[in-house]
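Q: Structure incoming, see below.
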Ligand SMILES: [Zn+2]
């Protein structure tokens with residue numbers, strides 16, 4: 001018997017919102033983190049497919065500790081999409097990026113396939129620097145939903161074209177082929193980006209760590225031809241990309257930045273019903289969360305929000321499990337409908353506590369930045385159509 005599909009999971013999950021941030025630190029002094037002030041920067045970290053049991057399996061497999069425990073506030077979102085109780089990553093990321101529920105497969109378009117302005121575009125319109133980092137291809141559903149508009153997530157070559165319609169300052173992910181080895185046309189989008197002043201490099205040319213960026217240049221790095229390998233098979237660019245992204249975006253003059261980082265492959269481990277793949281990817285993202293929180297704490301003006309788009313695999317931790325050896329069962333090779341935790345840290349983190357729709361992540365990030373006006377891009381996008 002490989003996987004037991006029939007079981008009853010009787011678990012009562014009580015998520016407590018830590019409504020008091022740690023006001024007394026170990027030394028006994030009062031912590032003075034000004035949670036009421038507005039953040040200059042927002043970093044949204046998405047662990048694709050990272051539900052509460054992925055988190056549990058990860059933490060127990062990691063000596064019962066995680067970087068997530070540094071977050072002062074916890075909320076829960078409802079991840080369903082407009083046409084299905086079980087969301088896919090496209091509708092899930094569109095909810096975060098655009099604040100609207102849409103159909104599964106939609107990339108930053110509404111239920112009528114009309115484009116919706118994204119947080120990244122709004123940030124750019126308001127003079128902020130912007131960035132995307134993923135361990136999938138950069139045109140895959142989650143990163144795509146922050147920068148592109150398409151009626152279907154699989155239109156990777158069209159999605160790649162949308163990178164030319166923004167002024168994104170920093171992006172790292174796989175998918176070189178969709179830029180310069182295209183089936184639908186002869187365009188070389190890498191050259192087109194270069195002619196617009198971008199520094200574009202790829203894993204064929206140089207390692208990320210060999211690159212020194214000029215703060216004034218916009219930068220893109222493509223880590224593989226299609227989808228990057230799993231972490232366990234040698235993909236290890238995420239921490240380096242995050243370090244570069246943070247220093248590059250924060251060096252931009254003035255107005256702050258918006259950065260989305262995706263740990264894409266926790267989801268792929270779930271689809272493969274492979275618990276060690278899930279845990280390995282979780283551990284990598286956990287380290288990146290630590291790296292980001294260290295940076296944000298030092299900076300003092302950065303809100304960090306960490307969540308998932310959905311759970312993948314219906315992962316359950318079985319009775320035979322021990323703290324350091326999790327025995328997992330899966331009920332599905334697809335996503336499930338479980339509600340998803342949201343972890344937040346830094347200025348305005350408190351507004352992420354509570355239970356809400358996945359679309360509220362968008363509203364709360366805008367509120368944290370202090371953006372009260374609707375995006376002017378909304379009407380522009382609609383007129384273009
Ligand atoms: Zn998935």
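Q: Please specify each residue of region 163-191 satisfying the condition of being more than 19 Å from the chain's Cα centre (by Cα) and in a helix (DSSP H, G or I).
A: Across region 163-191, the qualifying residues are 164, 165, 177, 178, 179, 180, 189, 190, 191.
A quick yes/no check of all residues on (1) within 28 Å of residue 297 (Cβ to Cβ); (2) modelled with pLDDT under 95:
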residue	(1), (2)
178	no, no
184	no, no
198	no, no
203	no, yes
220	no, no
236	yes, yes
242	yes, no
255	yes, yes
263	yes, no
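Q: Working only within region 365-374, note down all residues that are touching a residue at least 40 places away in the same chain (Cβ under 8 Å) and either part of a helix (DSSP H, G or I) or surrounded by 20 or more Cβ atoms within 10 Å (Cβ to Cβ) (or both). Break it down stepwise before answering.
A: Residues of region 365-374 that are touching a residue at least 40 places away in the same chain (Cβ under 8 Å), as a first pass: 365-366, 368-371.
Of everything in region 365-374, those that are touching a residue at least 40 places away in the same chain (Cβ under 8 Å) and either part of a helix (DSSP H, G or I) or surrounded by 20 or more Cβ atoms within 10 Å (Cβ to Cβ) (or both) turn out to be 365, 366, 368, 369.
Q: What is the residue count in region 68-84 for residues that are away from the ligand (no atom under 16 Å from the Cβ) and closer than 26 Å to residue 141 by Cα? Steps first, please.
A: From region 68-84, those away from the ligand (no atom under 16 Å from the Cβ) are 68-78, 82-83; that's our starting set.
If we keep only those that are closer than 26 Å to residue 141 by Cα too, we end up with 68, 74-78, 82-83.
The total comes to 8.
Q: Do the conditions hold for residue 145, that is, is it under 30 Å from residue 112 (Cα atoms), in a helix (DSSP H, G or I) and at pLDDT 95 or above?
A: yes
Q: Give the residues of region 235-273 that are part of a loop (DSSP other than H, G, I, E, B) and in contact with a strand residue (DSSP E or B) (Cβ under 8 Å, 6 or more places away or on another chain), sorted by residue number.
A: Correct list: 235, 237, 252, 255, 256, 264, 265.
Q: A further question on this structure: Can you tell which of 135, 87 is over 17 Å from residue 357 (Cα atoms), within 16 Å of the ligand (Cβ to nearest atom) and in contact (Cβ under 8 Å) with a residue 60 or more places away in the chain? First the steps, then the outcome.
A: Values: 87 fails: over 17 Å from residue 357 (Cα atoms).
On inspection, the qualifying residue turns out to be 135.
Table: residues versus (1) surrounded by fewer than 19 Cβ atoms within 10 Å (Cβ to Cβ); (2) more than 16 Å from the ligand (Cβ to nearest atom).
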position	(1), (2)
215	yes, yes
240	yes, yes
244	no, yes
257	no, yes
270	no, no
274	yes, no
284	no, yes
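Q: Mind listing whichever residues of region 287-326 are more than 16 Å from the ligand (Cβ to nearest atom), in contact with a strand residue (DSSP E or B) (Cβ under 9 Å, 6 or more places away or on another chain), assigned to a loop (DSSP other than H, G, I, E, B) and closer than 17 Å to residue 55 by Cβ? Spell out how you get there, then give the answer.
A: Quick first cut of region 287-326, residues more than 16 Å from the ligand (Cβ to nearest atom) only: 287-306, 316-326.
This time we only want the ones that are in contact with a strand residue (DSSP E or B) (Cβ under 9 Å, 6 or more places away or on another chain), so: 288-289, 292-293, 295-297, 299, 301-306, 316-318, 321, 326.
Applying the additional criterion that residues be assigned to a loop (DSSP other than H, G, I, E, B) yields 301, 318, 321, 326.
Scanning region 287-326 gives 318, 321, 326.
Q: Take residue 38 and decide whether it is modelled with pLDDT under 95 and surrounded by fewer than 19 Cβ atoms within 10 Å (Cβ to Cβ).
A: Values: modelled with pLDDT under 95: yes; surrounded by fewer than 19 Cβ atoms within 10 Å (Cβ to Cβ): yes.
So residue 38 fits the description; yes.
Q: Looking for something on the phi > 0 side of the Ramachandran plot, away from the ligand (no atom under 16 Å from the Cβ), at pLDDT 95 or above and over 16 Å from the mean Cα position of the chain (by Cα) - is there at least one such residue anywhere in region 349-365? Before the answer, list the steps.
A: So the first thing to find is which residues in region 349-365 are on the phi > 0 side of the Ramachandran plot, and the list is 354.
Still in the list and also away from the ligand (no atom under 16 Å from the Cβ): 354.
If we keep only those that are at pLDDT 95 or above too, we end up with 354.
Filter again for over 16 Å from the mean Cα position of the chain (by Cα), leaving 354.
Checked region 349-365: at least one residue is on the phi > 0 side of the Ramachandran plot, away from the ligand (no atom under 16 Å from the Cβ), at pLDDT 95 or above and over 16 Å from the mean Cα position of the chain (by Cα).
Q: Only one of (1) buried (at least 24 other Cβ atoms within 10 Å of the Cβ); (2) assigned to a strand (DSSP E or B) is not met by residue 160, so which one is it?
A: Exception for residue 160: condition (2).
The values are calculated or read from the model by the stated rules, or taken from the named source; none is laboratory data. What you see is a predicted model; the values in this text were computed from it and never measured. In this analysis, Cβ positions are derived from the backbone assuming ideal geometry, glycine residues included, and neighbour counts consider all displayed protein chains.
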